[in-house]
Structure formats: C-alpha cells, structure tokens
Amino acid sequence: MGKPTGFLEFERKVGINTPTKERITHYKEFHNLLSEDEQVKQGARCMDCGVPFCQSGILINGMASGCPLNNLIPEFNDLIYRENWDLALKRLLKTNPFPEFTGRVCPAPCESACTVSINSPAVSIKENERYIIEKAFNDKKIVATPPKYRNNKKVAVIGSGPAGLASSYLLNKLGYSVEVYEREDRIGGLLMYGIPNMKLDKDVVNRRVNLMEEEGIKFFTKSDICKDNELKEKVLEDYEAIVLATGATKPRDLNVRGRNLKGIEFAVNYLKENTRQLLDNGNKSSNFISCKDKNVLIIGGGDTGTDCVATSIRQGCKSVIQLEITNPLPKERLSNNPWPQWSRTLKVDYGQEEAIEVLGYEPRRYCTSVKEFIGDEEGNVKSAITVKVEWIKDENSRVSFREIPNSEEILEVDVVLLAMGFLGTEEYISNSFGVDLDNRGNIKAEYKNFITNKEKIFVCGDARRGQSLVVWAIREGLEAALSVDKYLQLKD
C-alpha cells in the first residue's frame, strides 16, 4: 500500500461538470476529469482494507454490495498512487472489458461499500476507473488484440447491448468465430439508444465496437432475427451455439382512461429517436418527439425519467414535471440500509439540477399518480388528472398505497413520457425461439448455467435477470460466454 494515511490527508475530489446553462445547449458529455496530479491523490485515498467490500459484488438482504465485476479496486487504486498506469490498466482490464462504459454510467455500488464511506466521503473509485481507461486510449495503449488461434466453431449473439458485447468479446478471445445480430441500425443496444449522448458519448461506444471488429467479431445491423424466419432458421443451422442478449425491452404501461391519446409515448422511444436524429445530423424520423415550448409530464422517477427531464430541457420545453408514486428517499442512510449495502438516499441527479437552474423549481413530485388523461377535439392529450397517494401496511406487513381524498389536481400537458421501467422480454423474441419464461416475464435460465430449455440456446443480461445495471449485464455476458465454452467443449 503506497499511502497509509492518504484517506486522512486528501479529501475526495471528482471532476467538475460543465456549468448547467452551458451544457443544456448541447448533447456533449459534460463531466470533466481531474488533472493527473489530482487523480493520483484520489488513488492514495484507498485504505487497502483487509476485507475490501468494494470489490465483493454480492447481495446482502437483496441489496447490492460492491462491484458485480469483482474489479481489483484496491490494486488499481494503489497503482494510480504509484503512477504505474500500465499495470493499473492491466489489473482493471483483467475483470472489466469495458471500463469506459461503467466509468460513465455505473451508479458505483463499489463506492457505497467503500470502508472510507463509513464516516467520510468514499474513494472516487468510478472516476479512478474512467481515468485509467481514458488515459490508456489517449496514450494509444488500447489496440486490437485478435485471438492467436481459432477453433473453427461459430457462435451467434443476438443483441449488441452490454451483455451481448461482453459475451461476444470473451467468446472471441476464446477462439470462437462470433457474429452479432442487432435489430437497430447501429450497434450498442442500450448503450447506443437507451442512454443519452450527454451521459455516454456514442463515439465512445463506436470506438469500442471498432476495436472488436478489428479483433475479428462480425456485426450485422437491421437484423431482427426473431421477425425473419428464414434468417432465424439459418442461424439455428449454422451456429454451434446462440446467445440471446436481447434485453428487458417490454416497457411498463399505464392503464388509465385516455392512455391512447396522441402525445403519450414510452420514454425509451422518445430517447431513442432523439439520439437517432442527433447521430443522423438532425434528420428526424416520423417517430421523433419534440418538447420545444411544450408542457412535459414524465411518469417515473428512475434514471430513464431523469434522462427524459434532461433531454426535454435541451429541447427547450416550457415546463417539466416528474411524478414518482413512491415516497422520497431519506437524506441519510437508515438503520435498515447499513453499510456496505447500496446507499438508498435522496440524490439530485443531473436532470433535476438542470430543471432547477433553467425552470426555477425541482421537477419531482412524490406520492403522486395519474388517474386520467384528457384530450382535445383532435385526440391530443391536453391535461392529466393526478392524485396524491399514501403508503400503508396491513396486518401482515404488506405494503400498498391508497388515494388521498380530495387531492386531485389537473395539470396542463402536451407531452407525456412513460418511464416506469420494464416488464421483461418482448413476447415475439421468446416465441420465436420457443424458450420458456419465468414468472417475471424473463427468459428462463439458471444463473451460472445460462442455458435455456432449448438445446444450444443461452441467455444473459437483462433478458434473463430483468432490468438491471450495465455492470450486471457485462458480468452476465462474460459468465454466459464461459458457460457456452464449457458446453461446446463437453460436446467434443
């Protein structure tokens, strides 16, 4: 350990965000890294704990604790302090093939499990990770490394999100000829169209995809195998194994009166089309939704809802309100959410920051639900009737909510974005391959095995576990690749 007293000598520092009023004028990434000298100090803050919970990647009472990829965090923190950047890169890439993604969009459960965080701000692990990989790219240390041999076996990966990319990455390293099929017009899945450019620049995604192509992986876009029976049959015949990494892409709907009015759309479609027009030099498809000079209502309080707030601000909305049916999280950890669990505390994310700065108010309204949408004579949504709710426990400690009488409010709205999460795999995907689903609507397969009820068909990522984090998708993609390798070796 390089600096035993580093956590006492140096305060936590992270890079500075571009000022709000400047960053809302564009879709470029707005988080700036520290200088190298400052980053070295941040590496010195690591305590090199006897039991490093930061890299544990376990569930405690259903709550994540530590890095799901089991990144060697104390090692690369110490190597940052020692300024041994080459070895820090090797230790990081040993467990994580895509730190440029997780270093940008991961919520960092590692930091909630950091021992320093018990009584002071955690080590800036996420930022250390991002600095290592970006320095390596800038120094031309990241180059294509094709496998030294091929085993003459072919594997198809369906879906090119984080799970699909991770699975194809490792299968290729193991000597398989890997071909990836993506239904969209660009590779990346969630990374390309589910996360806005200001959080994850698409040049970063393309940079990695180009490297993977140089290493021998083949990518096919506009290839919706599950809707092309001829192509599907060819895939089933031509490949020794198939990995389904299609995500949990069935959005949760809102079953209230007026739901089918024009102007009410799933958030994922809104974000996708906004990114598409950005990448297509402003050419807008017929599905593009503009919030310029409009009153926007976002239903859902997660990351997708926040991304919608930020995107609508950039489009020049007149107003934006974000509804959450739950209570606000506490400002500090509660006793039933102890360290090293993921800290469930109230945060003001970038979208809310921007709304406060531009519109002058916090857009989130808690314990609020929509009862009905009202339209105009042309079928466009013009208002929403909301109601306050309260959460109660019955005698069996089951939690439910009930409406508070006389708490209705009518909101003037022009655009409604539904950001209430996802319900599993789209039915046409599971039906196409005849794979079983579990009781949550995900493709059924045991963890660490990943094989479905159909011979040679595997599943990983959100398609198997349900909506989750990019880092969990990467972990499942890597583990599914090992499962495929074991399966094919045993067949020989």
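The values are calculated or read from the model by the stated rules, or taken from the named source; none is laboratory data. Since the structure is predicted, the reported quantities are computational estimates derived from the model, not experimental observations. FYI the Cβ positions are ideal-geometry reconstructions off the backbone, even for glycines, and counts take in every protein chain you see.
Sub-6 Å Cβ pairs linking a first residue in the stretch 249-270 that is under 17 Å from Q322 (Cα atoms) to a second residue that is β-branched (V, I, T) and surrounded by 20 or more Cβ atoms within 10 Å (Cβ to Cβ), at least 6 apart or interchain, are G263/V381; G263/V415; I264/V381; I264/V416; A267/T304, ordered by first then second residue. Can you name every residue in the stretch 163-210 that is part of a loop (DSSP other than H, G, I, E, B), under 21 Å from I225 (Cα atoms) and in contact with a helix residue (DSSP H, G or I) (Cβ under 7 Å, 6 or more places away or on another chain)? The answer is E184, R186, I187, G188, G189.
Residue by residue, here is whether (1) assigned to a helix (DSSP H, G or I); (2) within 28 Å of P147 (Cα to Cα); (3) not polar (S, T, N, Q) holds:
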{"site": "F219", "(1), (2), (3)": "no, yes, yes"}
{"site": "K222", "(1), (2), (3)": "no, yes, yes"}
{"site": "E230", "(1), (2), (3)": "yes, no, yes"}
{"site": "V235", "(1), (2), (3)": "yes, yes, yes"}
{"site": "A248", "(1), (2), (3)": "no, no, yes"}
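Restricting attention to the stretch 415-427, does a residue exist that is farther than 30 Å from G466 by Cβ and either without any contact (Cβ under 8 Å) to a residue 24 or more places away in the chain or of a type in the set (A, V, I, L, M, F, W, C) (or both)? Looking through the stretch 415-427, none of the residues is farther than 30 Å from G466 by Cβ and either without any contact (Cβ under 8 Å) to a residue 24 or more places away in the chain or of a type in the set (A, V, I, L, M, F, W, C) (or both).
Every residue, every condition in (1) of a type in the set (G, A, S); (2) outside any loop (DSSP other than H, G, I, E, B), yes or no:
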{"site": "T275", "(1), (2)": "no, yes"}
{"site": "N283", "(1), (2)": "no, no"}
{"site": "S290", "(1), (2)": "yes, no"}
{"site": "L297", "(1), (2)": "no, yes"}
{"site": "T306", "(1), (2)": "no, yes"}
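Applying the condition of being crowded, with 20+ Cβ neighbours inside 10 Å and touching a residue at least 40 places away in the same chain (Cβ under 8 Å) to the stretch 437-449 and asking which residue is farthest from P107 (Cα to Cα) yields I443.
Evaluating L334 against the criteria (1) among the hydrophobic types (A, V, I, L, M, F, W, C); (2) surrounded by fewer than 18 Cβ atoms within 10 Å (Cβ to Cβ); (3) under 24 Å from the mean Cα position of the chain (by Cα) leaves one unmet condition, (3). Selection of first residues in the stretch 75-89 that are closer than 12 Å to A136 by Cα and of second residues that are of a type in the set (F, W, Y), restricted to Cβ pairs under 8 Å at least 6 apart or on distinct chains, gives the following pairs, ordered by first then second residue: A88/F76.
Pairing each residue of the stretch 106-134 that is touching a residue at least 60 places away in the same chain (Cβ under 8 Å) with any residue that is surrounded by fewer than 24 Cβ atoms within 10 Å (Cβ to Cβ) and of a type in the set (S, T, Y), provided the two are 6+ apart or on different chains, yields C-beta distances under 7 Å for P109/S65; S112/S343; A113/S56; A113/S65.
So is G15 over 29 Å from the mean Cα position of the chain (by Cα), farther than 15 Å from Y81 by Cβ and assigned by TED's automatic domain parsing to the domain that holds Y131 or not? Break it down into steps so the answer makes sense when it comes.
On the way: over 29 Å from the mean Cα position of the chain (by Cα): no; farther than 15 Å from Y81 by Cβ: yes; assigned by TED's automatic domain parsing to the domain that holds Y131: yes.
Spelling it out, it is not the case that G15 is over 29 Å from the mean Cα position of the chain (by Cα), farther than 15 Å from Y81 by Cβ and assigned by TED's automatic domain parsing to the domain that holds Y131.
What residue, of P340, P405, is in contact (Cβ under 8 Å) with a residue 24 or more places away in the chain, assigned by TED's automatic domain parsing to the domain that holds N295 and of a type outside the set (F, W, Y)? Write out each step before concluding.
On the way: P405 fails: in contact (Cβ under 8 Å) with a residue 24 or more places away in the chain.
None of the other options fit; the residue is P340.
Residue-by-condition table, conditions (1) closer than 30 Å to D349 by Cβ; (2) over 17 Å from the mean Cα position of the chain (by Cα):
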| site | (1), (2) |
| --- | --- |
| N138 | yes, yes |
| A166 | yes, no |
| Y181 | no, yes |
| I187 | yes, no |
| I195 | yes, no |
| K199 | yes, no |
| K218 | no, yes |
| K222 | no, yes |
| I225 | no, yes |
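Filtered by the rule that a residue be β-branched (V, I, T) and either in a loop (DSSP other than H, G, I, E, B) or surrounded by fewer than 18 Cβ atoms within 10 Å (Cβ to Cβ) (or both), the stretch 424-436 gives T425, V435.
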